[in-house]
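Step one of this worksheet: look at the structure below.
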Amino acid sequence: MTTAPDAAAADQAAAAVRSRPVGEVVFAVAVVALGAYALVDARNINVPITAGAMGPRMMPYLVGGLLVLSGLGVLLTLVRGGHGEAEEGEDVDPRAHTDWGTVAVLVAIVVAHIALIRPVGWPLAATVLFGGTAVTLGARPVWRAVALGVVVALVIQAAMAGGLGVSLPAGPLLERVTIFRG
């Protein structure tokens with residue numbers, strides 16, 4: 001026979017399980033799965049003989065491990081009855097509808113970026129991506145958004161190709177500049 005405090009605790013625990021947002025559980029499981037995939041797939045990365053102690057597998061192992069730990073932490077919090085708090089001060093009108101025109105333009109910009117990488121090089125394609133996205137989302141003046149897109153693209157190209165040796169296609173305009181070739 002259960003006592004009243006035990007029954008109340010059991011009812012409270014059952015209510016916590018019923019009220020647990022499914023979306024948070026799905027998110028946590030997806031984060032764990034993504035981390036596990038990164039950990040397993042990182043084994044397929046070819047490691048050159050010249051690689052030092054920190055080869056190309058280090059970052060996928062680090063990120064995958066952190067994703068698994070983070071996802072498990074969220075799951076543990078959810079099992080213990082915790083949940084994310086709703087944003088009270090969000091500056092979003094919940095009655096507003098999705099602007100599908102803007103979504104379509106953003107998708108077109110991403111497709112253009114992908115299509116342009118090989119023929120014109122990553123920096124110019126990334127300029128289209130960064131500048132086009134900023135302008136589509138309302139950045140003004142347009143020239144500043146495009147100029148910042150150029151700067152960000154060139155900095156990323158220099159860091160990836162010149163700094164890390166990752167080969168991003170520099171394109172016909174920059175292929176002779178040593179720092180932009182991986």
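Some points to look at:
- If the condition is being farther than 21 Å from Ala161 by Cα and in contact (Cβ under 8 Å) with a residue 24 or more places away in the chain, then region 107-131 contributes only Ile109.
- Test result for Leu168, outside the structural domain of Ala28 (by TED's automatic domain parsing), closer than 30 Å to Ala36 by Cα and not aromatic (Phe, Trp, Tyr): yes
- Qualifying position, being of a type in the set (A, V, I, L, M), outside the structural domain of Glu24 (by TED's automatic domain parsing), surrounded by 18 or more Cβ atoms within 10 Å (Cβ to Cβ) and out of contact with any Pro (no Cβ under 6 Å at 6 or more places or on another chain), among Ala153, Ala134: Ala134
- Evaluated against (1) in the same structural domain as Gly171 (by TED's automatic domain parsing); (2) more than 26 Å from Gln157 (Cβ to Cβ); (3) hydrophobic (A, V, I, L, M, F, W, C), Ala125 falls short on exactly one condition, (2).
- Answer from Val166, Val146 - the residue that is out of contact with any Lys or Arg (no Cβ under 6 Å at 6 or more places or on another chain) and in a loop (DSSP other than H, G, I, E, B): Val166
- Of the residues examined, Arg140 is one that is modelled with pLDDT of 90 or more and part of a loop (DSSP other than H, G, I, E, B).
- Any hit, region 91-103, residues being at pLDDT 85 or above, surrounded by 15 or more Cβ atoms within 10 Å (Cβ to Cβ) and in a helix (DSSP H, G or I): no
The values are calculated or read from the model by the stated rules, or taken from the named source; none is laboratory data. For clarity, every value in this text was computed on a predicted model and none was experimentally measured. With ideal geometry, Cβ positions are generated from the backbone for all residues, glycine too; neighbour counts draw on all protein chains shown.
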